[in-house]
Amino acid sequence: MTSSPMTDRPTTGSQVAAAAPAAVKILIAGGFGVGKTTLVGAVSEVTPLRTEEYLTRASVGVDDLSGVDEKDTTTVALDFGRITVSPELVVYLFGTPGQERFWFMWNDLVNGALGGVVIADTRRLESSFASIDFFESRDIPFVVAINCFHGINTRSPAEIRAALDLDPQVPMLVGDVRERPFGRDVLLALVDHLMNLPVLQPVPVG
């Protein structure tokens, strides 16, 4: 039991718990080198926790560096960031590793996730297929963020949506994940998507 600084009256444990903000967990997924770490870093209000390691000769023949030849680090566990939306709501971002040899981490990271963001690179759209399948197979709502590297996008939104085989109701945004406003718009699109989903009615008993 503690005292409130405003009244000096004892504060019960239940009152303290009631004042704690609600926590929302969102997964940031996608293929290797599409910009997951960059997105988390762009929108997080705190210095992100990163588990990056340098690529070594041991990864030759294991990690596909096609289209990301200049990349020299990789996430081996997760990226973690935080956004305080209001005193009542805090959003926690968990970026997943992109290489197939680390996909086993996804099953642990997804626990408790309310929704997800799939980042895709138009130069390598196939690298994000696994992330989309992962969310769809678990009925986890998600949005797709198309990361335009160097501001270049050679495909129309309709072509991208068809290539990714997205359901019509899945939101898709196109922009640069290095820019905080775009990252904010992606997360807001996910929130709107979650709020617009139909609420499942309880099945009558008896």
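The values are calculated or read from the model by the stated rules, or taken from the named source; none is laboratory data. From a predicted model like this one, the values you see are computed outputs, not experimental measurements. Positions of Cβ are backbone-derived with ideal geometry, glycine not excepted, and every protein chain shown enters the neighbour counts.
Of note, residue 120 does not satisfy the criterion of being buried (at least 17 other Cβ atoms within 10 Å of the Cβ), closer than 21 Å to residue 24 by Cβ and small (Gly, Ala, Ser).
In region 22-34, the residues that are over 23 Å from residue 176 (Cα atoms) reach residues that are part of a strand (DSSP E or B) and among the hydrophobic types (A, V, I, L, M, F, W, C) with C-beta atoms within less than 7 angstrom, at least six apart or across chains, in these pairs: 22/89; 23/90; 24/89; 24/91. Within region 112-155, the set of residues being of a type in the set (Asp, Glu) and farther than 17 Å from residue 40 by Cβ comprises 126, 133, 136, 139. Residues that are aliphatic (A, V, I, L, M) and in contact with a Ser or Thr (Cβ under 8 Å, 6 or more places away or on another chain) were ranked within region 156-196; the one that is nearest to residue 46 (Cα to Cα) is 177. On the given criteria, is residue 64 modelled with pLDDT under 85, closer than 21 Å to residue 147 by Cα and part of a loop (DSSP other than H, G, I, E, B)? The answer is yes for residue 64.
The helices (runs of 4 or more DSSP H) found wholly in region 98-206 and carrying at least 3 residues that are at pLDDT 90 or above and within 24 Å of residue 79 (Cβ to Cβ) occupy 129-137, 180-196.
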